[in-house]
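*Asks:* Have a look at this one before I ask anything.
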Amino acid sequence: MSAVAPAASPTTATADSDIIIETRNLGKIYRDFWGRPKVQALESLDIEVRRGEIFGLLGPNGSGKSTTIKLIQGLLFPSSGRAFVFGKDARDVSKNERIGYLPEESYLYKFLNAEETLDFYGRLFDMPADVRKKRSEQLIQMVGLKGARRQQLREYSKGMTRRIGLAQALINEPDLLILDEPTSGLDPIGSREMKDLILRLRDEGKTILMCSHQLADVQDVCDRIAILHRGRLRELGRVNDLLKVREVTEVHAKGLSAETQAKISELIKSSGAELLSIDNPTTTMEELFLEIVRESEARPGMRTSASAQASK
């Protein structure tokens, strides 16, 4: 087996209070029973997660996302390179007091209710009884489980389970929150509410590392993303910059007559450019669905869309 060098002291960049997570040439090789290399799960990963941002870690199954999270938490030792959290080597367990973690599957005790669950995890952090009680009250209110606070977790829906899982991850008031598939199994309304909670936590100063297969969720909440594939970093940058199609120019206007649109089309063609389309913008399926649900709650009855009226 390859030896891992002694922990290095942080560089100026790592020690900088604005950099919460840093990986340098981070790699992980899983070996077979005989110690022979079996899978190169992660290779030469260099990323930085900055204070107060939501950083998305994306990639298909087997891309190295889970391995990266485990290395950052110190649950695995790297085969090469280093990971630092709060300026400390990721293998330093003292850093974990400042981390909250929501796994893809919340491993909670089903016979406990929400209050008992949060009290239990508060005890693990040696929180005094009065602090545990106050913190549990705040979190139950924040995640919207006040009406189910004394209901056993085995009676919770998937959405409620994700909510109490998030509350559990926040019990120690962490500076860094690691979320693995936070909207997994949630319906569109539950997913939107979870994303709103994540944005609220960012606005309150939390740094968030988020793994997700739901690309719309990443687009909605992440400031920057890293895309992994087969253990390698393939793309890194701000979401808005990465999604921008630079070879296409988009113009938004309101109240244009058909005659004006025709003139604009002719002007574009005469300049030697190619007119791709002039059309009305579209919303997203998520926004349409949520709008319909909200309207139906406010005004019961079938909603008549503009397109349906036009077709009559």
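*Asks:* Can you find, within segment 60-88, the residue that is surrounded by the fewest Cβ atoms within 10 Å (Cβ to Cβ) among those that are basic (Lys, Arg) and farther than 30 Å from Gly185 by Cα? Before the answer, list the steps.
*Replies:* Pass one, segment 60-88, residues basic (Lys, Arg): 65, 70, 82, 88.
Still in the running and farther than 30 Å from Gly185 by Cα: 82, 88.
Working: Arg82: 21, Lys88: 19.
Applying the filter and picking the extreme gives Lys88.
*Asks:* Would you please list the contacts, defined by Cβ atoms under 6 Å and residues six or more apart or on different chains, that run from a residue in segment 77-88 that is farther than 10 Å from Leu26 by Cα to a residue that is charged (D, E, K, R)?
*Replies:* Phe84/Glu22; Val85/Lys95; Phe86/Lys95; Lys88/Lys95
*Asks:* Okay, next question. Are any residues in segment 46-67 under 15 Å from Leu102 (Cα atoms) and either touching a Gly at 6+ places or on another chain (Cβ under 9 Å) or aliphatic (A, V, I, L, M) (or both), and if so, which ones?
*Replies:* Answer for segment 46-67, where residues must be under 15 Å from Leu102 (Cα atoms) and either touching a Gly at 6+ places or on another chain (Cβ under 9 Å) or aliphatic (A, V, I, L, M) (or both): Ile54, Leu57, Lys65.
*Asks:* Okay, moving on. Can you tell me which residue within segment 89-115, out of those that are in contact with a Phe, Trp or Tyr (Cβ under 8 Å, 6 or more places away or on another chain) and either under 23 Å from Gly205 (Cα atoms) or free of Cβ contacts under 8 Å to residues at least 24 places away in the same chain (or both), is surrounded by the fewest Cβ atoms within 10 Å (Cβ to Cβ)? Outline the logic, then answer.
*Replies:* Our first condition is that a residue be in contact with a Phe, Trp or Tyr (Cβ under 8 Å, 6 or more places away or on another chain); within segment 89-115, this holds for 90-91, 95, 97-98, 109, 112.
After this cut, where a residue has to be either under 23 Å from Gly205 (Cα atoms) or free of Cβ contacts under 8 Å to residues at least 24 places away in the same chain (or both) as well, the list is 90, 95, 97-98.
Values: Ala90: 26, Lys95: 20, Glu97: 12, Arg98: 16.
Result: Glu97.
*Asks:* Here's something else I'd like to know. Which is within 21 Å of Thr67 (Cα to Cα), loosely packed, with under 15 Cβ neighbours inside 10 Å and over 15 Å from the mean Cα position of the chain (by Cα), of Arg150, Arg154, Arg234?
*Replies:* Working: Arg150 fails: within 21 Å of Thr67 (Cα to Cα); Arg154 fails: within 21 Å of Thr67 (Cα to Cα).
That would be Arg234, the only listed residue that is within 21 Å of Thr67 (Cα to Cα), loosely packed, with under 15 Cβ neighbours inside 10 Å and over 15 Å from the mean Cα position of the chain (by Cα).
*Asks:* Can you name the number of the only condition in (1) among the hydroxyl-bearing types (Ser, Thr, Tyr); (2) assigned to a helix (DSSP H, G or I); (3) within 23 Å of Leu242 (Cβ to Cβ) that Thr183 fails?
*Replies:* (2)
*Asks:* Here is a list of conditions, (1) part of a helix (DSSP H, G or I); (2) surrounded by 15 or more Cβ atoms within 10 Å (Cβ to Cβ); (3) hydrophobic (A, V, I, L, M, F, W, C); (4) modelled with pLDDT of 75 or more, and Ala262 meets all of them except one; can you say which number that is?
*Replies:* (2)
*Asks:* Among the candidates Ser191, Ser94, Ser106, which residue alone is touching a Ser or Thr at 6+ places or on another chain (Cβ under 6 Å) and within 28 Å of Pro78 (Cα to Cα)?
*Replies:* Working: Ser191 fails: within 28 Å of Pro78 (Cα to Cα); Ser94 fails: touching a Ser or Thr at 6+ places or on another chain (Cβ under 6 Å).
Among Ser191, Ser94, Ser106, only Ser106 is touching a Ser or Thr at 6+ places or on another chain (Cβ under 6 Å) and within 28 Å of Pro78 (Cα to Cα).
*Asks:* Further question on the same structure: Any residue that is under 20 Å from Glu137 (Cα atoms) and touching a residue at least 60 places away in the same chain (Cβ under 8 Å) - is there at least one of those in segment 202-224?
*Replies:* Taking segment 202-224 first, the residues under 20 Å from Glu137 (Cα atoms) are 204, 206.
Okay, now just the ones that are also touching a residue at least 60 places away in the same chain (Cβ under 8 Å), so 206.
For segment 202-224, residues under 20 Å from Glu137 (Cα atoms) and touching a residue at least 60 places away in the same chain (Cβ under 8 Å): present.
*Asks:* Considering only residues that are in a loop (DSSP other than H, G, I, E, B) and modelled with pLDDT of 85 or more, which ones fall in segment 213-227? Break it down into steps so the answer makes sense when it comes.
*Replies:* At the first step, the residues of segment 213-227 found to be in a loop (DSSP other than H, G, I, E, B) are 213-214, 222-223.
Listed by number, the residues that qualify are Cys222, Asp223.
The values are calculated or read from the model by the stated rules, or taken from the named source; none is laboratory data. Owing to the predicted nature of the structure, the values given are computational and were not obtained by experimental measurement. Positions of Cβ are backbone-derived with ideal geometry, glycine not excepted, and every protein chain shown enters the neighbour counts.
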